[in-house]
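The values are calculated or read from the model by the stated rules, or taken from the named source; none is laboratory data. Given the structure is predicted, the values throughout are model-derived calculations rather than measurements. Backbone-built Cβ (ideal geometry, glycine too); neighbour counts: all protein chains shown. Note: areas computed on protein heavy atoms with side chains; ligands, DNA, RNA excluded. Shrake-Rupley method; radii C 1.70, N 1.55, O 1.52, S 1.80 Å.
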Amino acid sequence: MIELQDRLAAGPTIRLHDGDNIVIARVDIGIGTALPAEGIASRSQVAAGHKIARTRIAKGEPIRKYGVTIGFAAADIEPGTLIHSHNLEFRETERDYAFARDYKPVVMVPDAERASFMGIVRDNGQVATRNYVGIVSTVNCSATVVHRIAAWFTPERLAQFPNIDGVAAFAHGLGCGMEMTGEPMDLLRRTLAGYIRHANLAAVLVIGLGCERNQIAGLLQDQGLSVGPRLRTFVMQETGGTRRTVEAGVAAVRELLPAANRVTRTRVPASHLSIGLQCGGSDGFSGLTANPALGAAMDLLVQHGGTAILSETPEIYGVEHTLTCRARNREVGEKLVERIRWWKDNYAVGRDVQINGKVSPGNNAGGLANIFEKSLGSSMKGGTGPLMEVYKYAEPVTQKGFVFMDTPGYDPCSATGQIAGGANMIMFTTGRGSMFGAKPVPSIKLATNTPMYERLIEDMDINCGLVLDGVLTMREMGRRVFDLMLEVASGAKTRSELLGLGDHEFVPWQIGITG
């Protein structure tokens, strides 16, 4: 298990672990700058968030961050030298999965002391954080129709329904020209069904074309769904085409709005929160501030009975052993390894994707040399508690506590799977500055550093750079994130909601062929 520091010592550099042979530049560092804590001077121009050798590292020796090997020296490296992609070699290494070796049950907060929020309790017992009406397409051919229906319901037209957060369209590029059976179709259908059943949708229209492979009747039968007061369907080829289907859809939503508006928020336990954890536009500070602070908040949530969903399988690769050793049993740990092997041995073989080494240009510019280093920070979002279960993409998440869902690292696609699994909020860390929303759930953005937070303040909800600045400890920052999460779950609007983001981030994972 990675040991995190509660407070980052002041100075131009940060040493994360006594066994590290690198330090992190807290600020931009010029050539010749003294680094007193290490007794050396910088030999390089080093941008904030990047790595500096604190000792001499011979060619081939491991380079360690947080005590974990993130690569190997590609040449002899002198103390004070910048370490990045040019002199850090990515190399596959053997890892000891140590299944369940470090498993420790969570010490729960007593029932009488548990946190709560103001949620919307549905008739079936589900608890919502938002109250939308959803328009879902079965196929790309009905995408324009679902968007036009949703667009008709402007804020002015919804003004008489103050308890409704909006009418949201969920369109995608799949549903036809794909395999009729097997995992690609199963995945699409369980994703759509996860949204149709989602607590944050008071009512849903499902709209198809009529001749697509993903037929409405097949979707409903396969997923155990049925038409009723909360679910209506339209087939464009039977309804009369584009214009008539838009008109029929608008009329149907207008009929559904009064009942959807008849909700009130009541106080419910925080155990009803299921949080999808995301990071995007990561930088060298992600693993020092926002990700571990979010992890500290998730440790609190789990202690209060809630659920934290870590995902983005390519972004735990290389440090998955830090999760398997905390699995509640060997079976859970092996599920995670099986997903990793599926990616490496089947899905991503020979592809120039991050699980095979390279991170995005933005990640690299921010100080991350390779996927091992990125994963080291990304995995911290889930906290330090036991791994309770592993799910495939968009599977319903029923296990409380810290769990993992197999998804791509692409944020809209990953978050779509988490929401389909039941997440009623997204927590999203970013160092470079990601702009993201995810209707029908609120998304909270956590900035890793103060300069970016101040530059993009309209998009950021909370500044975890306060840890880097020495203003707050990691524990204090985690509590602040936890408290904000409860406020937003109770109805407080996030920055992305105020900006109207989330209309185009529904992206089911396309894993099959197009034909």
Multiply the residue gap between A34 and N364 by 0.36 nm, knock off their C-alpha separation, and tell me the result in nm, one decimal place. 116.3 nm
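Let me know the charge dipole size of segment 440-509 about its Cα centre in debye, to the nearest 20, where only the beta-carbon of Lys, Arg (+1) and Asp, Glu (-1) is charged. Walk me through the numbers before you get to the answer.
Numbers: 7 positive and 11 negative charges, 42 e Å.
Roughly 200 debye, rounded to the nearest 20.
With a Förster radius of 41 Å, plug the Cβ-Cβ distance of R330 and A58 into 1/(1 + (r/R0)^6) and report the FRET value to the nearest 0.05.
Values: r = 38 Å, r/R0 = 0.92.
Computed FRET efficiency for R330 and A58: 0.60.
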Out of all DSSP beta bridges with both ends in the chain, state the antiparallel percent to the nearest 5. 40 percent
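Looking at segment 382-484, what % of its DSSP beta bridges pair antiparallel, to the nearest 5? Don't skip to the answer; put the middle values down first.
Details: 1 of 12 bridges.
Expressed as a percentage, antiparallel bridges in segment 382-484 total about 10.
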For segment 1-95, listing GluC sites (Glu not before Pro) in a DSSP loop whose Cβ sees at most 12 other Cβ atoms within 10 Å gives E3, E92, E94
Set of lysines with alpha-carbon distance to K439 below 16 Å, sequence-local pairs under 8 removed: K493
Rounded if a/c under 1.5, otherwise prolate or oblate - segment 1-119, Cα gyration tensor axes: oblate
Calc'd 3J(HN,Hα), segment 406-415, phi into Karplus 6.51 cos²θ - 1.76 cosθ + 1.60 (θ = phi - 60°), Hz, glycine/Pro = x, comes to 6, 9, x, x, 5, 4, x, 5, 5, 5
Relative contact order for the chain, counting Cα pairs under 8 Å that sit 6 or more residues apart, in percent: 18 percent
Under 5 Å, built H, 5+ apart or other chain: amide partners of A169: I135
Can you give me the long-range amide H partners of E389? Hydrogens built in the peptide plane at 1.01 Å from N, cutoff under 5 Å, separation of 5 or more residues or another chain. F404
Amide H to amide H under 5 Å from S116: which residues, 5+ apart in sequence or cross-chain, H placed 1.01 Å off N in plane? A270
Looking at the square roots a ≥ b ≥ c of the eigenvalues of the Cα gyration tensor of segment 275-343, which shape do they give, rounded for a/c under 1.5, prolate if a/b is larger than b/c, or oblate? oblate
Using the crude model of +1 on Lys and Arg Cβ and -1 on Asp and Glu Cβ, and no other charge, please compute the dipole size for the chain relative to its Cα centre, in debye to 20. 660 debye
Expressed as a whole number of Å, what is the distance separating the alpha-carbon centroids of segment 8-87 and segment 192-261? 56 Å
3J(HN,Hα) from dihedral phi, segment 81-96, Karplus parametrisation 6.51/-1.76/1.60, rounded to Hz, x for glycine, proline: 8, 4, 10, 8, 4, 6, 10, 10, 8, 7, 8, 5, 10, 6, 10, 8
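Rounded to the nearest 0.05, what FRET efficiency is calculated for R475 and T242 with R0 set to 56 Å and r the Cβ-Cβ distance? If you can, show how the numbers build up before the last one.
Details: r = 56 Å, r/R0 = 0.99.
FRET efficiency, R475 to T242: 0.50.
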Distance in nm between pseudo-label sites at H86 and T181 (7 Å out along the Cβ direction from Cα): 5.7 nm
Along the Cα→Cβ direction, 7 angstrom out, place labels at A41 and A492. What is the inter-label distance in nm? 4.8 nm
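Rounded if a/c is under 1.5, else prolate if a/b is larger than b/c, else oblate: which is segment 91-171, with a ≥ b ≥ c the root eigenvalues of its Cα gyration tensor?
Numbers: a/c = 3.90, a/b = 1.55, b/c = 2.52.
In terms of gyration-tensor shape, oblate.
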Can you give me the angle between helix 143-152 and the longest principal axis of the chain, using Cα atoms only, in degrees from 0 to 90, rounded to the nearest 10? 80 degrees
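For the chain, build the convex hull from the C-alpha positions and give me its volume per residue in Å³. Let's see the in-between values first.
Numbers: hull volume 72.1 nm³, N = 515.
Looking at the chain, the number lands at 140 Å³ per residue.
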³J(HN,Hα) across segment 452-467 via Karplus (A = 6.51, B = -1.76, C = 1.60, θ = phi - 60°), whole Hz, x for Gly/Pro? 5, 4, 6, 6, 10, 4, 5, 9, 9, 9, 8, 9, 7, x, 4, 5
Please report, as a whole percent, how much of the solvent-accessible surface of the chain comes from carbon and sulfur atoms (probe radius 1.4 Å). 50 percent
Length gained, V227-V349, 0.36 nm per residue minus C-alpha separation, equals 39.7 nm
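Please give the per residue accessible area of the chain, computed with a probe of 1.4 Å over protein heavy atoms only, in Å².
Numbers: 20030 Å² over 515 residues.
Normalised by residue count, the accessible surface of the chain is 39 Å².
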Starting from the 7 Å offset along Cα-to-Cβ, what nm value, one decimal, do you get for the label separation of V121 and E338? 3.8 nm
Any trypsin sites (Lys or Arg not before Pro) in segment 180-273 that lie in a DSSP loop and have at most 12 other Cβ atoms within 10 Å would be R262
Cut-off under 20 Å on the C-alpha distance; same-chain residues fewer than 8 positions from K59 excluded. Which lysines are left, in chain and number order? K51
